[in-house]
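We did not get these values from a lab; they are worked out from the coordinates using the rules stated. Here the structure is a predicted model, which is why all the values come from computation and not from measurement. Methodologically, a virtual Cβ is constructed for each residue, glycine included, from the backbone with ideal geometry; neighbour enumeration extends over all protein chains shown.
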Amino acid sequence: MSASARPRHIAVYGTLMRPFGAQERLGIADQLAYEGPCAFRGILYDLGAYPGAVPDEEQVVQGELFRILDPRAMPAMDRLENYDPEHEEGSQYLRRPLSLVEPAGQQAWIYWYNGPVEQGARVPSGSWIEHVENRSRRRDA
């Protein structure tokens, strides 16, 4: 992929979403601009403290779309997601470009989970935020 064809957006669906504070902890909150909700084709799994999404043609995952204001944000997110472009086989996640379902046709980077999902529970709603809220309510009940 040429540099000009690389997405200028990133779609996040887990700990990099605004409610979870990872952008602030990484020091990249000012390097990304929130553009709104997004959706992409995939299946979302609860892997404990974080989610993992894998490609799927039928299901949809809900996330947040950010415009990348400063490309220095990418290596910080790659480290958080344990993605090493030089050693993808050992990476926990793989960063790939994809075309979103919503906003329709928008190109964005996504981190696909690169491990076995059998140990995780499927998140039927496709929304990590909703899932975490429901999980917290069940614990509090």
Determine the shape class of the range 89-141: with a ≥ b ≥ c the square roots of the Cα gyration tensor eigenvalues, call it rounded for a/c under 1.5, and otherwise prolate if a/b is greater than b/c, oblate otherwise.
-> oblate
Hey, got the dipole for the chain? About the Cα centre, +1 on K and R Cβ, -1 on D and E Cβ, debye to the nearest 20?
-> 280
Stokes-Einstein D (µm²/s) once Rh is taken as the Kirkwood radius of the range 35-91 over alpha-carbon pairs, at 20 °C in 1.002 mPa s | 162
For ASP56, distant residues with modelled amide H under 5 Å away | GLY42, ILE43
With +1 on the Cβ of every Lys and Arg and -1 on the Cβ of every Asp and Glu, the dipole magnitude of the range 7-70 about its Cα centre, in debye rounded to the nearest 20, is 160
What ranking, highest mean first, results for peptides 107-116, 73-82, 86-95 when packing means the other Cβ atoms within 10 Å averaged over each residue?
-> 107-116, 73-82, 86-95
